[in-house]
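Participant: Input: one structure, supplied below.
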Amino acid sequence: MMQHLDTALITAFVERWQPDTNTFHMPFGEMSILLHDVHHILRIPVEGELMRDDPHPDVLKLDMHDLVRVPVDGPVGGKWKSKWFLNGGIHAEGLLVRGREMKIRDLEVQTYLFVLLGSTLFVDKSRDRLRPAINVFLKDQRRVAGYAWGAAALTYLYRQLGMATRVGSKSICGCLTLLQAWIYEYFPLFRPSQILQAPDAPRASSWVCHRFAGGDDARQRLVRYRQMLDEMSGEDVSWTPYGRDAGTEVLRSLYTGVIRFADVAEGYDHARCRRQFGYRQTIPHTMMVPKDVYRPASCSTYIVFWEGNSANQYWES
């Protein structure tokens, strides 16, 4: 499923990610994946209700057992022993099979959406487990279409990029298809061939990616990509790949504040990347600063905490 990913290219960009600003620091300035990029590349909604709910882990586990219609086999607050859970995640293939077995239409739809979203937008490092938090936003299917899924996917990717910059990190997860397609959109030097599509189709599916080799070949590509980025100037960038009206076509992309997905909150500041809207870059305002940040060399503990309602003060669904 991940054979289309160029891990060397992704690594070269992760090395330039600054988690304090959620931007790539390039020789010619800052750039980032913004909400209008998510809109064009994935064609999922960036407008809607911000996904703020953050239940206690025990509540998430109870919800999981309720979803698959099996009794709880461990005490709340105690040690859980369940074939459905492994290292804080639920097995994707098993959940999909269970949803079909129950032959309950609503549950079948819910489990299908759970697996679909967990294996595309909110990918776990294990590649075969799903984050239980996804289910919180699927329980009421009448509200599913109203959520800002694009903002949630971007929040999760921002967090994973930040964690991948830590010395102790050996891999990265999240929607890497979005990251790689974003690189292709803005950096012609890295682009593969492209096929024509309908104007409203996800642009991520237009890139013709072959299977990328690993091992020594990947290491050689990484060295080459690093050199290309070091020597790059602003003239090598396609600043407005979707046209010069990004700020009017996708107004939400001009948002400044905090975006969220469940327990993850990250700062979003379009003013640091004005050239991606076709504007001249000016000195950005004071950097957004959370109340508490703990980003040690090891990525096992990674905390970004925004105080009170400040995390949502600018977002109106």
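The values are calculated or read from the model by the stated rules, or taken from the named source; none is laboratory data. Because the structure is a prediction, the values reported are computed rather than measured. Using ideal geometry, Cβ is built from the backbone for each residue, glycine included, and neighbour counts are taken over all protein chains shown. Accessible surface areas use protein heavy atoms only, side chains included; no ligands, DNA or RNA. Shrake-Rupley method; radii C 1.70, N 1.55, O 1.52, S 1.80 Å.
Participant: Within segment 189-202, can you find the residues that are within 22 Å of the chain's Cα centre (by Cα) and open to solvent by 70 Å² or more (accessible area, probe 1.4 Å)? Lay out the reasoning, then the answer.
Facilitator: Of the residues in segment 189-202, the ones within 22 Å of the chain's Cα centre (by Cα) are 190-191, 200-202.
Answer for segment 189-202, where residues must be within 22 Å of the chain's Cα centre (by Cα) and open to solvent by 70 Å² or more (accessible area, probe 1.4 Å): Arg191, Asp200.
Participant: Quick check on this structure: which one of Gly234, Gly257 is in contact with an Asp or Glu (Cβ under 9 Å, 6 or more places away or on another chain) and at pLDDT 90 or above?
Facilitator: Working: Gly234 fails: in contact with an Asp or Glu (Cβ under 9 Å, 6 or more places away or on another chain).
Going through Gly234, Gly257 in turn, just one is in contact with an Asp or Glu (Cβ under 9 Å, 6 or more places away or on another chain) and at pLDDT 90 or above: Gly257.
Participant: Among the numbered criteria (1) over 26 Å from His270 (Cα atoms); (2) crowded, with 18+ Cβ neighbours inside 10 Å; (3) within 16 Å of the chain's Cα centre (by Cα), which one does Ala152 miss?
Facilitator: (1)
Participant: So Asp73 clears everything in (1) under 23 Å from Ala148 (Cα atoms); (2) modelled with pLDDT under 75 except one condition, right? Which one?
Facilitator: (1)
Participant: Within the set of pairs 6 or more residues apart or between chains, which connect a residue that is farther than 19 Å from Val97 by Cα and of a type in the set (A, V, I, L, M) inside segment 60-74 to a residue that is open to solvent by 70 Å² or more (accessible area, probe 1.4 Å) and at pLDDT below 60 with Cβ atoms less than 8 Å apart?
Facilitator: Leu62/Val76
Participant: Going by the conditions given, is Arg272 in contact with a Ser or Thr (Cβ under 6 Å, 6 or more places away or on another chain), open to solvent by 30 Å² or more (accessible area, probe 1.4 Å) and either part of a helix (DSSP H, G or I) or among the polar types (S, T, N, Q) (or both)? Break it down into steps so the answer makes sense when it comes.
Facilitator: Numbers: in contact with a Ser or Thr (Cβ under 6 Å, 6 or more places away or on another chain): yes; open to solvent by 30 Å² or more (accessible area, probe 1.4 Å): yes; either part of a helix (DSSP H, G or I) or among the polar types (S, T, N, Q) (or both): yes.
Judged against the criteria, Arg272 is a match.
Participant: Oh, and also: Residues to consider are Gly118, Gly146, Gly94, Gly99; find the one that is open to solvent by less than 50 Å² (accessible area, probe 1.4 Å) and under 30 Å from Glu15 (Cα atoms). Steps first, please.
Facilitator: Working: Gly146 fails: under 30 Å from Glu15 (Cα atoms); Gly94 fails: under 30 Å from Glu15 (Cα atoms); Gly99 fails: under 30 Å from Glu15 (Cα atoms).
Unique residue meeting the criteria: Gly118.
Participant: Then there is this: Return the only residue of Ile90, Ile44 being modelled with pLDDT of 90 or more, within 20 Å of Leu113 (Cα to Cα) and not in a helix (DSSP H, G or I).
Facilitator: On the way: Ile90 fails: modelled with pLDDT of 90 or more.
On inspection, the qualifying residue turns out to be Ile44.
Participant: Looking at this structure, is Thr177 among the hydroxyl-bearing types (Ser, Thr, Tyr), in a helix (DSSP H, G or I) and over 27 Å from Ser233 (Cα atoms)?
Facilitator: Working: among the hydroxyl-bearing types (Ser, Thr, Tyr): yes; in a helix (DSSP H, G or I): yes; over 27 Å from Ser233 (Cα atoms): no.
No; evaluated as a whole, the condition is false for this residue.
Participant: When the residues of segment 21-59 are filtered to those that are of a type in the set (Val, Ile, Thr) and touching a helix residue (DSSP H, G or I) at 6+ places or on another chain (Cβ under 7 Å), which remaining residue is surrounded by the fewest Cβ atoms within 10 Å (Cβ to Cβ)? Break it down stepwise before answering.
Facilitator: Initial filter on segment 21-59 (of a type in the set (Val, Ile, Thr)): 21, 23, 33, 38, 41, 44, 46, 59.
From what is left, the residues that are touching a helix residue (DSSP H, G or I) at 6+ places or on another chain (Cβ under 7 Å) are 21, 23, 33, 38, 41, 44, 46.
Values: Thr21: 17, Thr23: 21, Ile33: 26, Val38: 28, Ile41: 27, Ile44: 20, Val46: 24.
It comes out as Thr21.
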